[in-house]
1. Counting only the backbone N, which residues of segment 113-150 are under 17 Å from the spot 7 Å out from the Cα of residue 54 toward its beta-carbon?
2. For the pair residue 189/residue 214, report the inter-label distance in nm, with labels modelled 7 Å from Cα in the Cβ direction.
3. Taking every pair of distinct Cα atoms and averaging 1/r, then inverting, what Kirkwood hydrodynamic radius in Å comes out for segment 40-105?
4. Take the Cα radius of gyration of segment 82-181 and divide it by 2.2 N^0.38 Å, with N its residue count; two decimals is plenty.
5. Grab the DSSP H runs of the chain that are 4 residues or longer, score each as -39,500 (n - 2.57), total them, divide by all residues and round the 222 nm result to the nearest 500 deg cm²/dmol.
6. Along the principal axes of its C-alpha atoms, what lengths does the chain span, in descending order and rounded to whole Å?
7. What percent antiparallel are the DSSP beta bridges of the chain, to the nearest 5?
8. Would you mind giving the three semi-axes, in whole Å and largest first, of the ellipsoid equivalent to segment 177-217 according to its Cα gyration tensor?
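Quick note: the coordinates plus some simple rules give every number you see, no bench work behind them. Computed from a prediction, not measured in an experiment: that's the story for all the values here. Note that we place each Cβ from the backbone using ideal geometry, even for glycine, and neighbour counts take in every protein chain shown.
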């Protein structure tokens, strides 16, 4: 039943031009229901965000799909994710990069990192590494990243994330006021020059950290 509902969701996303066939292929292998709290399981395949606890949400499939498509990840890439959520986005990216690639996902809320890790391990992904900490600082211990994806809204693009993006790399990040942002595609060329493109208006929970919003805001 889950696969049929997932396929209907993917068809809707394709028909609405939220995703391309390459993104659809990855999303077919990752059932969203596996990452949604059981209390909301009947809504798992609706194109809407859902609560996952700690005041956070799993993003709507259309947004997850659009961010994945625009990131243009490839097999073997190393990707930094800021905001683990329940692990859904990481699982989709893990499918794309394959066993030779690696997803590093940073989360500041202990209960969410535990949830995401359990979901990822239960489904057998061995190419995802979880890091507890301030995602606005990135994770410099693993060097530079081919791609960076941020799943919370920042007041501005955190400087450490730009620094940790490889030349030729891409970053997707929502930037703007709390709960209303523009989804930006950041690209760094081979000389290190950075340009940004505004993709669409979005609404994400705030990115909290040194280069984001303060916890008391």
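1. The answer is 113-121, 129-139, 150, whose backbone nitrogens lie closer than 17 Å to the label point.
2. With each label point 7 Å from Cα toward Cβ, the separation is 3.9 nm.
3. 12.6
4. Ratio of Rg to 2.2 N^0.38 Å for segment 82-181: 1.04.
5. Rounded to the nearest 500, it is -8500 deg cm²/dmol.
6. 48, 38, 32
7. Close to 45 percent.
8. 24, 15, 5
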